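I have placed the structure first, in the form of structure tokens, so that the comments after it can refer back to it.
The values are calculated or read from the model by the stated rules, or taken from the named source; none is laboratory data. Keep in mind that this is a model prediction, so the values were computed, not measured. Note that each Cβ is placed from the backbone with ideal geometry, even for glycine, and that neighbours are counted across all protein chains shown. For accessibility, only protein heavy atoms count, side chains too; no ligands or nucleic acids. Shrake-Rupley method; radii C 1.70, N 1.55, O 1.52, S 1.80 Å.
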Amino acid sequence: MTGLLEPRAIGRGLTRRDGPAKVTGTAPYAYEHPVEAPLYCHPVQASIARGRCLRISGVEAEALDGVRALITPFTAERLADTDDAELAVLQDCEIPFRGRVIGLVLAESSETARHAAELVDVEYETDPFAAELIVDDPGLYQPEKVNPNFPTDTSEGDLDTASAVTVDQTYTTAMYHNNPLEPHTTMALWDDGVLTLWDSTQSVHSVRSTVAKTFGLPADRVRVICPYLGGGFGSKGMPHANVVLAALAARTVPGRPVKLALTRQQMFSLAGYRTPTIQRVRLGADRDGRLESLRMDVVEQTSRIKEFAEQTAAPARMMYAARNRSTSHRLARLDVPVPSWMRAPGECPGMFGPEAAMDELAEALGVDPIDLRVRNEPERDPETGLPFSSRHLVECLRTGAERFGWSSRRGGRRDGPWLVGSGVAASVYPAKRMPGSSATIRFGKGRYAVEIGAADLGTGAWTILPQIAADALDVPVDSVDIRIGDTDLPQATVAGGSTGTASWGSAVVAAAEVFRDKYGTDPGDGDEAQAGTPKKPADKQYSMYGFGAQFAEVRVDADTGEVRVSRLHGTFAVGRIVNPVTARSQLLGGMTMGLSMALHENSVLDPRFGHVVNHDLAEYHIATNADVEDLRADWLDETDPHLNPMGSKGIGEIGIVGTAAAIANAVHQATGVRVRDLPITLDKLLPGLPR
Ligand code: MOS
């Protein structure tokens, strides 16, 4: 395909443009944007899992010095639109999950607001509730589709085929919470009928459209600003209650900015989470290891008030060449907070069961797990029949194996107190581009300014969009300035689904082309051009994914069961790499999060009370530096001509996919214990360790 950019700035490991502002503490985050005389809010949360509040007394709270108001369902302004029940806060007294916001204190300091919130007295009426995911929940139902828009169930071929070698196992992944460094924060100001929000968000434009709808405002009366974020992983991909609460509070004090920052503990009920999953995986293969059937049936949860159906079985549909395939998703509707996006929804949990099952199949067949995958490499997408725009999984497995030293792998090796083993798993993530972004390019005083309302989660958009613009304009990258993160800039789609670079970059390239057509190579001050992401004609012609192979070496203490991941190496085929510095960081970050999922992360929900008991970073364990030893990510030289002018694929999420399976497979090789329920903790290993 013509239309691929000649990479000059693209491919260079330029350091982050936002780096100096961040490390010197001058990058204004949502909560820190300098304003005059702000007020502070603190939410009051329900302490029952289901029922309603009958009475809310703020007598004591309002008596505190500096408290300006207590807003409750009895006093709050009615929202114009309450279709999204997660966002319809303080609109009625019903409590659909423990932690639901039932009041909001507004005070002169954050400490006062928080203190006052604790003094609010609530009288409840309680209803029976269910907060535990169980595989045979009688209320399981079949959702109409799974996130974002996939069929719930699929079935093809003859599933009763009897195969020579079979695996039939159930795997589970835990409930997980996104814990970006920066919590969910919003600052709101109503002035002259215009609402300005400084919000920590992956999409200023979707916050604007949601808030405008919720409050019944025209979109041009809402402005959302977010130049910098301290992470999000999907939890800031759509607005949560904090945004509506801040806006509601600000409306009561026109002209005064209002600040709201969720506490770490509040994030465990108000900012989404990854649903736990129960995955039954059935594989059938002939003696040569060719898959004859592949079935995956998933049970997972959603909330009573809003459906989110994680597409856990989606990757199983396209991964391997099994003639007979079926997948299904069933949901339990529970009295729990609303699940949502977390890095690689679908692929992340959905590649745990199947990739562990492939390891079990390889063992049953007595073949190398890499060979097994190679033997089942499909020529076309098994689900759609379309050719892949590019698929280099086999090359990732082989190259990665060489770099990792897979051939010298020996099972159950002992090194002093350690049992040592290694494992492999495949990674996959869709390579998408969303329609609906546009960019402006402006020239002045010898410099080009690129404007687009994109978001940089910490991923590198500040740095790589100028690289793309520079190549599209054929100018040096240091003559390109960039402005992002503001609804006053051209519309941009969400930094989600690993689509940011592809979507915004395509708009930037289109704008550059229009600019050059209009003004040639010698533009004058004030010349500007705007264009949107073009439609991608290849969408219906190719199946488009990035692939990878992850290799883990683990050491398990033979006496205590402690697991150390001594080596974790990933080799990826993810299109052309726009910036190797920021790209490597994304892949390593994803892999670290996968390691964390394998060994540590687990939101422990107490079914007696309906809340996550380990709702802070002291007890919700996330991998730290000490957990990460030899961690490496590299990539093949791949350029996909069918996706976008950069030849790139999204890389924000694929790093987390497959990691947990690689580690579980390594733990099995080291110890002989097959842990099918994440996380892999001591209690699951100890009974099976060799004596
Ligand atoms: Mo990502 S979970 O698509 O922000």
Considering residues that are closer than 18 Å to Cys396 by Cβ and either surrounded by fewer than 21 Cβ atoms within 10 Å (Cβ to Cβ) or not assigned by TED's automatic domain parsing to the domain that holds Met591 (or both), the number found within segment 634-691 is 4
Residue tally, condition of a type outside the set (A, V, I, L, M, F, W, C) and closer than 18 Å to Thr173 by Cα, over segment 290-302 = 5
Would you please list the contacts, defined by Cβ atoms under 9 Å and residues six or more apart or on different chains, that run from a residue in segment 365-388 that is free of Cβ contacts under 8 Å to residues at least 40 places away in the same chain and of a type in the set (Gly, Ala, Ser) to a residue that is part of a helix (DSSP H, G or I) and exposed (fewer than 15 other Cβ atoms within 10 Å of the Cβ)?
-> none
The lone condition Lys518 fails out of (1) more than 14 Å from the ligand (Cβ to nearest atom); (2) of a type outside the set (Gly, Ala, Ser); (3) in contact (Cβ under 8 Å) with a residue 12 or more places away in the chain is (3)
Note: among Arg323, Arg290, just one is at pLDDT below 95 and either in contact with a Ser or Thr (Cβ under 9 Å, 6 or more places away or on another chain) or on the phi < 0 side of the Ramachandran plot (or both), namely Arg323
Can you name the condition, by its number, that Gly139 falls short on among (1) closer than 16 Å to Ala332 by Cα; (2) in contact with a helix residue (DSSP H, G or I) (Cβ under 6 Å, 6 or more places away or on another chain)?
-> (2)
Looking at segment 262-283, is at least one residue away from the ligand (no atom under 16 Å from the Cβ) and touching a Cys at 6+ places or on another chain (Cβ under 6 Å)?
-> no
Open to solvent by less than 60 Å² (accessible area, probe 1.4 Å), within 19 Å of Val258 (Cβ to Cβ), assigned by TED's automatic domain parsing to the domain that holds Val258 and not basic (Lys, Arg): does that describe Ile71?
-> yes
Segment 482-496 residues that are assigned to a strand (DSSP E or B) and acidic (Asp, Glu), paired with ones that are more than 14 Å from the ligand (Cβ to nearest atom) and open to solvent by 10 Å² or more (accessible area, probe 1.4 Å) (beta carbon under 6 Å, 6 or more apart) | Asp486/Ile225
Residues that are touching a residue at least 60 places away in the same chain (Cβ under 8 Å) and open to solvent by 30 Å² or more (accessible area, probe 1.4 Å), drawn from segment 83-100 = Asp84, Arg98
Would you mind telling me which numbered condition in (1) in the same structural domain as Leu568 (by TED's automatic domain parsing); (2) assigned to a strand (DSSP E or B); (3) under 26 Å from the mean Cα position of the chain (by Cα); (4) more than 18 Å from Ala321 (Cα to Cα) Gly400 fails?
-> (2)
If Leu599 satisfies every condition in (1) in contact with a helix residue (DSSP H, G or I) (Cβ under 6 Å, 6 or more places away or on another chain); (2) in contact (Cβ under 8 Å) with a residue 60 or more places away in the chain; (3) open to solvent by 10 Å² or more (accessible area, probe 1.4 Å) but one, which is the exception?
-> (1)
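Collect the residues in segment 24-45 that are in a helix (DSSP H, G or I) and either open to solvent by 20 Å² or more (accessible area, probe 1.4 Å) or in contact with a helix residue (DSSP H, G or I) (Cβ under 6 Å, 6 or more places away or on another chain) (or both), keeping them in residue-number order. So that I can check it myself, show each step before the final result.
First pass over segment 24-45, keeping only residues in a helix (DSSP H, G or I): 30-32.
Within segment 24-45, Tyr31, Glu32 qualify.
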Tell me which residues, restricted to segment 379-395, are of a type in the set (S, T, N, Q) and closer than 24 Å to Arg295 by Cβ.
-> Thr384
Quick one: is Ile10 modelled with pLDDT of 95 or more, open to solvent by less than 60 Å² (accessible area, probe 1.4 Å), outside the structural domain of Asp456 (by TED's automatic domain parsing) and under 21 Å from Arg114 (Cα atoms)?
-> no
Per the filter on segment 387-404, residues aliphatic (A, V, I, L, M) and open to solvent by 10 Å² or more (accessible area, probe 1.4 Å) are Val394, Ala401
Does at least one position in segment 319-333 carry a residue that is within 16 Å of the ligand (Cβ to nearest atom), farther than 26 Å from Ala162 by Cβ and not assigned by TED's automatic domain parsing to the domain that holds Glu383?
-> no
By residue number, the members of segment 458-481 that are farther than 19 Å from Pro430 by Cβ and either within 16 Å of the ligand (Cβ to nearest atom) or assigned to a loop (DSSP other than H, G, I, E, B) (or both) are Gly458, Gly460, Ala461, Asp474, Val475, Pro476
Going through segment 602-630 in order, the residues found to be under 25 Å from Ala356 (Cα atoms), surrounded by fewer than 17 Cβ atoms within 10 Å (Cβ to Cβ) and touching a strand residue (DSSP E or B) at 6+ places or on another chain (Cβ under 8 Å) are Val604, Val628, Glu629, Asp630
Quick one: how many residues across segment 492-515 are more than 16 Å from the ligand (Cβ to nearest atom) and surrounded by 19 or more Cβ atoms within 10 Å (Cβ to Cβ)?
-> 9
